[in-house]
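The values are calculated or read from the model by the stated rules, or taken from the named source; none is laboratory data. Predicted, not measured: the structure shown is a model, and the values here were computed from it. FYI the Cβ positions are ideal-geometry reconstructions off the backbone, even for glycines, and counts take in every protein chain you see. Quick note on the areas: whole protein, heavy atoms, side chains included, nothing else; ligands and nucleic acids left out. Shrake-Rupley method; radii C 1.70, N 1.55, O 1.52, S 1.80 Å.
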Amino acid sequence: MISLTERESTSRFIVASNSEPYQHVRSDGEINQEKRAGGLTTGLDPIMKDSENLWIAWGRGSADFEVTDDENKVTVPNEEIGYTLKRLELSRKEINGFYYGFSNSTLWPICHSFPHKANLEKDYWEIYKNVNRRFANSVLEEYKPGDKVWVQDYQLALVPRMIREEEPDAEIALFWHIPWPPWETFGIIPWKQEIVEGILGSDFIGFHTSWLVHNFLDTVYKLGGAANRGENIARMGSEKAVVKAIPLGIDTDFFSRTEEQEKKAKQLKEDFCCSKLVLGVDRLDYTKGIDRRLEAIRTFFDEYPQYRGEVSFIERISPSRSKVQEYKDMREKIEQLISQINGELRGETWVPIRYFYQHLPQKELIPYYIAADIGLLTPLIDGMNLVAKEYVATREKGMLILSEFAGAAETLTESIQVNPYNPEAVADALHQAINTPEEVQKEKFSKMRVKLNQMDIHWWRDRFLDEWELSTHGRAS
Ligand code: GDG
């Protein structure tokens, strides 16, 4: 692999993403800069930390435009080791049509194989195209020959081709963070051809897992393109892209424990538990399978009544898309289920499920990871599920019960993998996890941690950049 220093001296990066790496927010009369949760910023910061580099994103922070210059630019994280963040300001109409509309009520459900939830409104699509055009223009205003343009995720699918049309020799790559569905699901979108052609403006496209790469190549083939599965190449018209699985890793150093976190974890266990504590941490979303998990918890206490009073569950749910009616309904349903289960089963001091509806800064999740004997992450489908990786990274022993439909299942093969739609299977997995001897737990965790350390966020970035480099060498052929 090319070292970071070699890379820094050779290329300027332009990253384009919907979410910004840093937000400015006003609190108590002051403006504070906050790093956005998630590994992407941590992974990309080391290659971005040069004043020449540029990140273009939608500015959503309450004070975002109070700190920018007249080109909507600000240096982040600071002047000494900073790069330029250029913020796009979106109108209410653009936010509704582009973000809540086409991104989150069309592409999100389709890509997660929930076609019945997809809204196929043409207006949303038109606004999505316009906002993608704004992102592309913003890149093009800054672009200089030799720059590398790295586009992130499903909100910006059309941007690669929009750039390619103006700059045929540009180096453009895209990482798709969510699943790519089977053809018969993706095919439902009336504008499927334009979306795939948009993506294929890239030289290099990354997904989390090999099965998502296969789904994407199938789609290209069905839409009249050529897909070489042996060489991972997709062609359509004059466009050619290399498509590979490069699973996103985490910043494992960040998840090593401190004494203070251990103390907090001990306190959590004392406050909430009993003999075994089981943890779920999810963004509120129907893809995360939270209601089915609650059903599985009820099945578990029915099938294995000996664990009543002995095992407690923590469900940490982080608010998301909270203005959308469907998400409000989902929250209500989850809260009802939890109170029913707690109402039926709770003992004098024992509460089966402790529930928190709150977003925590990533650091504050660590004591929860440390306190939990078992991690229970059962999304119905998930591009990766970083929480599963983070749980393993903080611990030397424990058990991870993981949905077989999460991208993380491809790497974390020592977890107990379950069908999240099957409450009996999840209940049995819990019983198995509780009874797994400590030596076996340690062995499993040690194997998983080796993989997480090898394939961490820095590995992901370097691997992506290496593969991208190789793919641009072959672009003329
Ligand atoms: C999408 C895809 C894919 C911090 N505080 C909370 C919280 N965080 C951090 C976690 C973790 C991240 O947010 C959540 O990442 P996930 O991967 O679990 O899930 P999504 O938000 O759905 O992310 C997913 C990911 O993009 C990256 O490509 O893996 O498949 O859907 O880093 O530490 N998370 C929660 N509550 C908090 O209070 N749930």
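Does the chain come out rounded, prolate or oblate by the C-alpha gyration tensor, with a ≥ b ≥ c the root eigenvalues, rounded set by a/c under 1.5 and, if not, prolate when a/b is larger than b/c and oblate if not? Judged from the Cα gyration tensor, the chain comes out prolate (a/c at least 1.5, a/b above b/c). Stretching the chain fully between Glu194 and Val450 yields a gain of 88.0 nm (0.36 nm per residue, less the alpha carbon separation). For the stretch 383-432, the residue among Gly398, Ala429, Thr413 whose Cα projects farthest onto the positive side of the dipole built from Cβ charges is Gly398. For the stretch 1-130, the equivalent ellipsoid built from the Cα gyration tensor has semi-axes of 30, 20, 13 Å, listed from largest to smallest. Axis of helix 39-48 versus longest Cα principal axis of the chain: the two differ by about 40°, to the nearest ten degrees.
When the charge dipole of the chain is built from unit charges on Cβ atoms (+1 for Lys and Arg, -1 for Asp and Glu) and taken about the Cα centre, the candidate among Val76, Trp468, Leu376 whose Cα reaches farthest toward its positive end is Leu376. Per-residue ellipticity at 222 nm, computed for the chain from helices alone with -39500 (n - 2.57) per DSSP H run of at least four residues, works out to -12000 deg cm²/dmol.
Cβ distances below 4.7 Å define possible disulfide partners, and in the chain the cysteines left without one are Cys111.
What FRET efficiency comes out for Glu270 versus Val440 if R0 is 30 angstrom and r is the Cβ-Cβ distance? Round to the nearest 0.05.
Rounded to the nearest 0.05, the efficiency is 0.70.
The listed peptides 15-25, 434-444, ordered by packing as a protection proxy, come out as 15-25, 434-444 (highest mean of other Cβ atoms within 10 Å first). Computing FRET efficiency as 1/(1 + (r/R0)^6) for Arg26 and Phe254, where r is the C-beta to C-beta distance and R0 is 30 Å, gives about 0.65. Label-to-label distance, Gln358 versus Val324, with points set 7 angstrom from Cα along the beta-carbon direction: 2.5 nm. Rounded to the nearest 0.05, the FRET efficiency derived from the C-beta distance between Lys144 and Ser339 at R0 = 41 Å is 0.10.
Solvent-accessible surface (1.4 Å probe) assigned to Lys266 amounts to roughly 140 Å². When the inverse distances between all different Cα atoms of the stretch 311-431 are averaged and flipped, the Kirkwood radius reads 15.7 angstrom. Using only Cα atoms, locate the centre of the stretch 380-438 and the centre of the stretch 72-111, then give the distance between them in Å, rounded to an integer. What the calculation gives is 32 Å, centre to centre.
Given contacts defined as C-alpha pairs under 8 Å and at least six residues apart, what's the relative contact order of the chain, whole-number percent? Walk me through the numbers before you get to the answer.
Working: 909 pairs, mean separation 62.9, N = 477.
Reported as a whole number, the value is 13 percent.
On the stretch 239-283, 46 percent of the accessible area sits on carbon and sulfur atoms, based on a 1.4 Å probe.
Based on the mean of other Cβ atoms within 10 Å per residue, sort peptides 317-325, 84-92 so the most packed one is first.
Going from most to least packed, we get 84-92, 317-325.
Per-residue 3J(HN,Hα) values for the stretch 289-301, derived from phi via the Karplus relation 6.51 cos²θ - 1.76 cosθ + 1.60 with θ = phi - 60°, read x, 5, 5, 5, 5, 5, 4, 5, 5, 5, 4, 4, 6 Hz in sequence order (x marks Gly and Pro).
Computed about the Cα centre, the dipole magnitude for the stretch 252-454 is approximately 500 debye when only Lys and Arg (+1) and Asp and Glu (-1) carry charge, each at its Cβ.
Ranked by the mean number of other Cβ atoms within 10 Å of their residues, highest first, the peptides 292-301, 126-135 come out as 292-301, 126-135. For the stretch 252-454, the relative contact order comes to 26 percent (Cα pairs under 8 Å, sequence separation of at least 6).
Which value, to two decimals, describes the C-alpha radius of gyration of the stretch 429-477 once divided by 2.2 N^0.38 Å?
Computed over Cα atoms of the stretch 429-477, the ratio equals 1.96.
Hull volume per residue, based on the alpha-carbon atoms of the stretch 142-184 and their convex hull, is 88 Å³. Eigenvalues of the alpha-carbon gyration tensor of the stretch 252-454, scaled by 5 and square-rooted, set the equivalent ellipsoid semi-axes at 23, 20, 18 angstrom, largest first.
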